[in-house]
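Participant: Before we start, here is the structure in question, set down as C-alpha cells.
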C-alpha cells in the first residue's frame, strides 16, 4: 500500500461503529447490574404519589363515541423510564410532508435486549388546510415526539408489572369525596385558562349542574386537560365540537318532530 494513499472512512460508518460499541458496553453493564423490580415499583410509587397534582398528571382522558377513554400520560412514562433503568430511549422527527409531521420513538431494554420502535403522526394544517407557521410546526413536532416517547416506553415496560402501582397512583389522583366542593371550584378555575366554559364542562361530564360532578368526572376532566397539554388532543376536539354536534342533532330532531306533528294534524283534519 502506498504510504501516501489516503483511506477515506465514511462518517456514517464511524458513527454506527461508535453507537454499536456504546450499546455493547451498556448491555454488558446492564447485565452486570440488573434491575430490582421491587425497588423500581417503589420508586414509581414514590414519585407518582408525591402529591395529588403529580398523580393527576400521570393520566389522560379522551372522548371516544361520547365515552371517556383513559390512558397513561407522557409524565407517567417519564417516571417509569427513569425508575426502570437500563433503558435507552430516543425520539426524532423522521418526516414532514407539509400536512403531517411524523415522530419516531425508540426504546431499548438493555437487559432483555427488547427494542421497540413506534411512529406518531400529527397534523400541521388547520381545518381550512392552511399550513402551520414554523414555530407551530416545531411545537407540534415536540408534542409528537413526547407521545412517541411515551408509547415506546410503555411498550417495552410490561403493563403487568406496573398495573398495581398504577392503580395506587390513580387512587391518589381521584382524591377524596370530603373536599369535592373545593376541587370542583378549583377545576372550573383551572379550565378557564384554556377558554373552556362551565357549560362545556357540564356537557363533557354529562350533568346538568356543577353539584352533580363527581370524583370520576373530575378525574376525566383533568385527564382531558393533560391530553391537551401533551398534544394528544385539543380543546376543539374534546369540548367545542362535541357540543356543537349535539346542538345540531337536537335542532334536527326537533324539526323532524315538528314536521311529524304537522303531518299528523293535517291527516286528522282530512279525516274530519
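Readers should treat all values here as calculations from the given coordinates under stated rules, not as data from a laboratory. Predicted model, so just to flag it, every value in this text is computed and none were measured. Here the Cβ positions follow ideal geometry from the backbone for every residue, glycine too, while neighbour counts run over all protein chains shown.
Participant: Label-point separation (nm) for residue 67 and residue 142, each offset 7 Å from Cα along Cα-to-Cβ?
Facilitator: Each label point lies 7 Å from its Cα, and together they span 3.6 nm.
Participant: Multiply the residue gap between residue 123 and residue 243 by 0.36 nm, knock off their C-alpha separation, and tell me the result in nm, one decimal place. If you can, show how the numbers build up before the last one.
Facilitator: Details: separation 120, 0.36 × 120 = 43.20 nm, distance 2.26 nm.
The span from residue 123 to residue 243 would gain 40.9 nm if fully extended.
Participant: Based on the Cβ-Cβ distance from residue 260 to residue 28, what FRET efficiency comes out when R0 is 51 Å, to the nearest 0.05?
Facilitator: That gives a FRET efficiency of 0.10.
Participant: I would also like to ask the following. Note down, for segment 175-272, the three equivalent ellipsoid semi-axes (square root of 5 times each alpha carbon gyration tensor eigenvalue), biggest first, whole angstrom.
Facilitator: Details: eigenvalues 319, 56, 16 Å².
For segment 175-272, the semi-axes come out at 40, 17, 9 Å.
Participant: Answer rounded, prolate or oblate for segment 124-183, using the Cα gyration tensor with square roots of eigenvalues a ≥ b ≥ c: rounded when a/c is under 1.5, else prolate when a/b is larger than b/c, else oblate.
Facilitator: Details: a/c = 4.20, a/b = 1.58, b/c = 2.67.
Verdict is oblate for segment 124-183.
Participant: While we're here: With each label point set 7 Å from Cα along the Cα-Cβ vector, what nm distance links residue 100 and residue 37?
Facilitator: Here the modelled spin labels are 3.6 nm apart.
Participant: Among 160-171, 70-81, 48-59, how do they line up by average Cβ neighbours within 10 Å per residue, starting with the highest? Walk me through the numbers before you get to the answer.
Facilitator: On the way: 160-171: 15.3, 70-81: 21.7, 48-59: 18.8.
Averaged packing, sorted descending, gives the order 70-81, 48-59, 160-171.
Participant: Let me ask you something else. Relative contact order of segment 175-272, please, whole-number percent, based on alpha carbon pairs below 8 angstrom and at least 6 residues apart.
Facilitator: Relative contact order for segment 175-272 comes out at 25 percent.
Participant: What's the extension gain from residue 189 to residue 133 if we count 0.36 nm per residue and subtract their Cα-Cα distance? Present the calculation step by step, with values, prior to reporting the outcome.
Facilitator: Values: separation 56, 0.36 × 56 = 20.16 nm, distance 3.04 nm.
Full-extension gain reported as 17.1 nm.
Participant: Next question, about the same structure. Can you give the relative contact order of segment 10-174 as a percent, counting alpha carbon pairs under 8 Å and 6+ residues apart? If you can, show how the numbers build up before the last one.
Facilitator: Working: 238 pairs, mean separation 39.3, N = 165.
In percent, rounded to a whole number, it is 24.
Participant: Set the Förster radius R0 to 35 Å, insert the Cβ-Cβ distance between residue 235 and residue 51 as r into 1/(1 + (r/R0)^6), and round the FRET efficiency to 0.05. Walk me through the numbers on the way to the answer.
Facilitator: Working: r = 26 Å, r/R0 = 0.74.
Plugging the Cβ-Cβ distance into 1/(1 + (r/R0)^6) gives 0.85.
Participant: Please compute the contact order of segment 108-195 in relative form: average sequence separation of alpha-carbon pairs under 8 Å and at least six residues apart, divided by the residue count, as a percent.
Facilitator: Working: 33 pairs, mean separation 23.0, N = 88.
After rounding, I find 26 percent.
Participant: For segment 10-174, what does the alpha-carbon gyration tensor say about shape, rounded, prolate or oblate, given a ≥ b ≥ c as the root eigenvalues, a/c under 1.5 as rounded, and a/b over b/c as prolate? Walk me through the numbers on the way to the answer.
Facilitator: Details: a/c = 2.58, a/b = 1.07, b/c = 2.42.
In terms of gyration-tensor shape, oblate.
Participant: Given R₀ = 35 Å, FRET efficiency for residue 212-residue 163 by Cβ-Cβ distance, to 0.05? Intermediate values should be presented prior to the final figure.
Facilitator: Details: r = 31 Å, r/R0 = 0.88.
Taking R0 as 35 Å, the efficiency between residue 212 and residue 163 is 0.70.
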